[in-house]
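Only the coordinates and a few stated rules stand behind these numbers; no lab work does. Predicted model, so just to flag it, every value in this text is computed and none were measured. When we count neighbours, we look across all protein chains shown, and the Cβ atoms used for this are built from the backbone with ideal geometry, even at glycine.
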Amino acid sequence: MVEEIEFSLKTPFIDLLQLLKATGLCATGGEAKWAVEEERVKVNGELESRKRRKLRNGDVVELDGEFLVRISSVNLT
């Protein structure tokens, strides 16, 4: 079973490594880098190798096929 997580952006984007740490899926930056290097991360259904990939509203990040993070924007007006 896949655990789904909603993540609300307060800025226009977030880096992939920052997202993995902010959601608690990776405890450290080193662990987040390792997850990407080991091809454990998909963005919008495709393997992602760019550690600094900028994620925006509507993007979906998957880790190990067990966690799904849906990114949405917060309306700050």
Gain upon complete extension [residue 1, residue 38; 0.36 nm per residue less C-alpha separation]: 11.1 nm
Non-local amide H neighbours of residue 15 (under 5 Å, H modeled in plane, Pro and chain starts lacking H): which ones? 55
Loop GluC sites (Glu not before Pro), the stretch 1-76, which have at most 11 other Cβ atoms in a 10 Å radius of their Cβ (DSSP): 38, 39, 66
So what is the calculated 222 nm ellipticity per residue for the chain, using -39500 (n - 2.57) for each DSSP H run with n of 4 or more, over all residues, to the nearest 500 deg cm²/dmol? -5500 deg cm²/dmol
Across the chain, where is the longest run that never hits trypsin sites (Lys or Arg not before Pro) in a DSSP loop with at most 14 other C-beta atoms within 10 Å? 11-49
Once amide H atoms are placed 1.01 Å from N in the peptide plane, what residues at a sequence separation of 5 or more from residue 9, or on another chain, have their amide H within under 5 Å of its amide H? 72, 73, 74
